[in-house]
Structures are given as structure tokens and as C-alpha cells.
Amino acid sequence: MLGRNDINDDQKKEAFVQGFKLLSKTTLDVVLKQVLAIETPEGTEQNPNAIKDFFDNTDKETFVKVQDTLTKAKELFDIPPQTVRVPQNLVEKGAPETVTVPVLFDQSNFFAGK
């Protein structure tokens, strides 16, 4: 959109602002889906609206620390890519002897039958 000549600079700026707001909201939504409670000096808060309010009003440094913590927790459960042997008939046709493939759990096919 920034390279388009059929819209003026104000429209480009507004599109950029709207895109940034959407990206920020999406990032916040991802974090909010993972945070079940927050600890405060007054006690534990589990109300989703209060947790959202906390993140809406927190500083960037706190938000980044939470994101980093969630990323590290996710990495604990990630399954590393797996190296598998290629069937011999394919190797004879020029395929490599092994390939490394990621292990992905996709909701659309996780319980699919063969």
C-alpha cells in the first residue's frame, strides 16, 4: 500500500496506523489467551477483564518480559524437527537418504484418520 500512487500520503499514514493497531491488538489477544492469572501485592487476580486492564495499562518492559516468559515456556514443549529415512526406491531415483521434517500439530488434521 505504501508504494501505491492512487492514494495520498494521509491515507497511507492512516492505513499504517490501522495496521499497527490491529497487529498490537492481535499480539495482546495472543498473550491474554495464555495468561490465566496475575499476582499482585493484593493477591491473585483471575478475572479476564482485570487481566486485560492490567496489560492495557502496563509498561512495554513488563509486557515484553511476559512475552519472553511465554515464549520460553512454549519452547519447553516444542518437538524438534525429526530426521527420517527416505524409502530406498526413492533414494534410487535421486532422493536424499534422509530428510528433516518439522513436527507440527495442526488442529485441522490432528485427529484425522488415515
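Miscellaneous remarks
- There is no residue in segment 76-93 that is within 16 Å of Thr26 (Cα to Cα), β-branched (Val, Ile, Thr), surrounded by 10 or more Cβ atoms within 10 Å (Cβ to Cβ) and free of Cβ contacts under 8 Å to residues at least 40 places away in the same chain.
- Qualifying residue in segment 28-35 (condition: among the polar types (S, T, N, Q) and surrounded by 10 or more Cβ atoms within 10 Å (Cβ to Cβ)): yes
- Options Thr44, Thr40, Thr58: the member that is at pLDDT 90 or above, loosely packed, with under 11 Cβ neighbours inside 10 Å and over 20 Å from the mean Cα position of the chain (by Cα): Thr44
- Just one of (1) modelled with pLDDT of 90 or more; (2) within 17 Å of the chain's Cα centre (by Cα) fails for Gln88. It is (2).
- Every residue from segment 49-84 that is among the hydrophobic types (A, V, I, L, M, F, W, C) and in a helix (DSSP H, G or I): Ala50, Ile51, Phe54, Phe55, Phe63, Val64, Val66, Leu70, Ala73, Leu76, Phe77
The values are calculated or read from the model by the stated rules, or taken from the named source; none is laboratory data. Here the structure is a predicted model, which is why all the values come from computation and not from measurement. All Cβ positions, even for glycine, are placed from backbone atoms using ideal geometry, and neighbour counts span all protein chains on display.
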